[in-house]
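Single-structure report; data block below.
The values are calculated or read from the model by the stated rules, or taken from the named source; none is laboratory data. Given the structure is predicted, the values throughout are model-derived calculations rather than measurements. Please note: Cβ atoms are built from the backbone with ideal geometry, for glycine as well, and neighbour counts cover all protein chains shown. Heavy atoms of the whole protein, side chains included, go into the accessibility calculation; ligands, DNA and RNA do not. Shrake-Rupley method; radii C 1.70, N 1.55, O 1.52, S 1.80 Å.
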Amino acid sequence: MELSISKETLHFKKPARTSRGEYSLHEMYLITLTDKATGKKGTGELAPLPDLSCDRNAYPDISEVRRLAEKALPAVLNGTWPDDMLSYPALRFALESAVAEAKDELSIVNSQLSIAKGKVSIPINGLVWMSSFEDMLEQVKVKMAIGFRCIKLKIGAIDWQKEIELIRYVRSCFPKEDLQLRVDANGAFSPEWAMDRLNELAKYDIHSIEQPIRQGQWDEMARLCKESPLAIALDEEMIGINDPKEKARLLDTIHPQYIVLKPTMHGGISGTCEWIDLANKRGINSWITSALESNIGLRSIALLAESVYGPNIIFPQGLGTGQLFTDNIENGVNIEGANLVVEVRG
């Protein structure tokens, strides 16, 4: 395989705001592999999130990315990953994506029978970013008009009573039979008063809450998962947990109802599948979401979701980030109604 690397920057249409801050730029490395025998190319996206990924500072320049990629590539071509490089999940995702595409993209979906006219269609949730009350309400109305019946609200950055007022209003307009509501706190709650807020949220038929308290508080999170009136999904909690034994220990300690997986942060394609397998054995459900990737990464994540859950996906996946950018890369990825549609290349 011939390796080439470029650095790209995309621009958000408006800042993507979470309880940890906001993003206005998306900086990434694109790793392209070319099969010298067939000429077939595959591209993967290397884009750890600056304030969150465990390997956020591991890729200062193209020369270091190249060094690390050349070190890991022989193992990836053999379907493995070097044991001494488990702390590089973003690179793992990029290389595994590029190899899968360069070899045969069809091989990473369940079967060609699940592909309708060369396309994969995946139900997704509508993501409503933190903003003012008025703007968040308008985002909900737009998503519903498009056809979304699962909406995820980012919470924890504006006044709590305003957020509850928004949730109350949304639920008064759309009962649970018509709309599944998810919320994501990104660790914004304190363990001391998290249960009070979970009890308040439970009044409005919330499907689940992602990461109510900051990661690393396993005993407190285990208590919340045991006592909460609504389901809890782990997200940030799994970042930096790359050893299979440690993954199992986390799941056995906390016992969450769900895990939410971002391949860029949770071990690439193979590491994400490892998490899902461990969760399934413990009766823990899951879904896959993006970590603000461009259409390059989004394509690979969508095909992974199809491979793992398709063709009958139960939970809408978190794959609606491609429309966030003013200058995204065309890559056969589009949102049609409440579905992400990917053109599969044979």
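At a glance:
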quantity: Filtered residue count, region 64-105, keeping only those that are of a type in the set (Ser, Thr, Tyr) and either in contact with a strand residue (DSSP E or B) (Cβ under 9 Å, 6 or more places away or on another chain) or open to solvent by less than 20 Å² (accessible area, probe 1.4 Å) (or both); calculated: 1
quantity: Yes/no for GLY240 being free of Cβ contacts under 8 Å to residues at least 40 places away in the same chain and in a loop (DSSP other than H, G, I, E, B); calculated: no
quantity: Residue satisfying all of: in region 1-55; open to solvent by less than 50 Å² (accessible area, probe 1.4 Å), within 18 Å of the chain's Cα centre (by Cα) and among the acidic types (Asp, Glu); farthest from LEU127 (Cα to Cα) among these; calculated: ASP55
quantity: Residue tally, condition within 15 Å of the chain's Cα centre (by Cα) and farther than 24 Å from TRP129 by Cβ, over region 305-327; calculated: 3
quantity: Filter result for the condition that a residue is part of a strand (DSSP E or B), touching a Pro at 6+ places or on another chain (Cβ under 7 Å) and closer than 25 Å to GLY320 by Cα, over ILE301, ILE259, ILE232; calculated: ILE232
quantity: Residues of region 276-298 classified as outside any helix (DSSP H, G or I), farther than 30 Å from THR9 by Cβ and not small (Gly, Ala, Ser), total; calculated: 3
quantity: Scope region 259-309; condition open to solvent by less than 10 Å² (accessible area, probe 1.4 Å), of a type in the set (Gly, Ala, Ser) and in contact (Cβ under 8 Å) with a residue 40 or more places away in the chain; matching residues; calculated: GLY267, GLY268, GLY271, ALA291, SER294, GLY297, ALA302, ALA305
quantity: Qualifying positions in region 307-324 - assigned to a helix (DSSP H, G or I), of a type outside the set (S, T, N, Q) and either out of contact with any strand residue (DSSP E or B) (no Cβ under 8 Å at 6 or more places or on another chain) or at pLDDT 90 or above (or both); calculated: VAL308, TYR309
quantity: Residue list for region 29-64, filter: closer than 26 Å to ARG345 by Cβ and not in a loop (DSSP other than H, G, I, E, B); calculated: TYR29, LEU30, ILE31, THR32, LEU33, THR34, LYS41, GLY42, THR43, GLY44, GLU45, LEU46
